Ligand SMILES: Cc1cc2nc3c(=O)[nH]c(=O)nc-3n(C[C@H](O)[C@H](O)[C@H](O)COP(=O)(O)OP(=O)(O)OC[C@H]3O[C@@H](n4cnc5c(N)ncnc54)[C@H](O)[C@@H]3O)c2cc1C
């Protein structure tokens with residue numbers, strides 16, 4: 001079976017991975033030139049954690065995670 005996935009966001013990449021693991025031949029189309037070179041930190045919680053556990057990636061994600069001790073909100077005047 002072949003699949004064409006439009007968009008290399010989290011939804012497209014996970015769909016591609018999961019289909020590939022079950023033998024599908026997958027092509028992903030992405031309009032952006034590449035990942036942001038500076039990286040991007042994001043919160044990860046709730047259903048996302050459950051999904052990562054379900055597909056066996058939670059351990060690797062924990063290894064790559066940054067522990068955040070505190071966060072603060074700053075308004076335009078500091
Ligand atoms: C500023 C910001 C901060 C966020 N922070 C968090 C957070 O901390 N934690 C969290 O869980 N969620 C966060 N979110 C939400 C999260 O980013 C989205 O829920 C998630 O990215 C959705 O994934 P997606 O794969 O559905 O879509 P997207 O991430 O939007 O991916 C879609 C991809 O498809 C590509 N695309 C679109 N149209 C085409 C086309 N015609 N041809 C080819 N490629 C195409 C786009 O370039 C894009 O790469 C944040 C969102 C924003 C905007």
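Taken together, the values in this text are just the output of simple stated rules run on the coordinates, not laboratory data. The structure displayed is predicted, hence computed values, not measured ones. Every residue, glycine as well, gets a Cβ built from its backbone with ideal geometry; the counts of neighbours run over all protein chains shown.
The figures follow:
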item	result
Single condition residue 52 does not satisfy, out of (1) over 30 Å from residue 1 (Cβ atoms); (2) more than 10 Å from the ligand (Cβ to nearest atom); (3) within 15 Å of the chain's Cα centre (by Cα)	(1)
Matching option when the condition is in contact with a strand residue (DSSP E or B) (Cβ under 6 Å, 6 or more places away or on another chain) and in a helix (DSSP H, G or I), among 11, 3, 16, 51	16
Failed item in (1) in a loop (DSSP other than H, G, I, E, B); (2) in contact with a helix residue (DSSP H, G or I) (Cβ under 7 Å, 6 or more places away or on another chain), with residue 37 passing the rest	(2)
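Yes/no per residue for (1) under 15 Å from the mean Cα position of the chain (by Cα); (2) within 8 Å of the ligand (Cβ to nearest atom); (3) surrounded by fewer than 10 Cβ atoms within 10 Å (Cβ to Cβ):
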residue: 12; (1), (2), (3): yes, yes, no
residue: 16; (1), (2), (3): yes, no, no
residue: 34; (1), (2), (3): yes, no, yes
residue: 39; (1), (2), (3): yes, no, yes
residue: 62; (1), (2), (3): yes, no, no
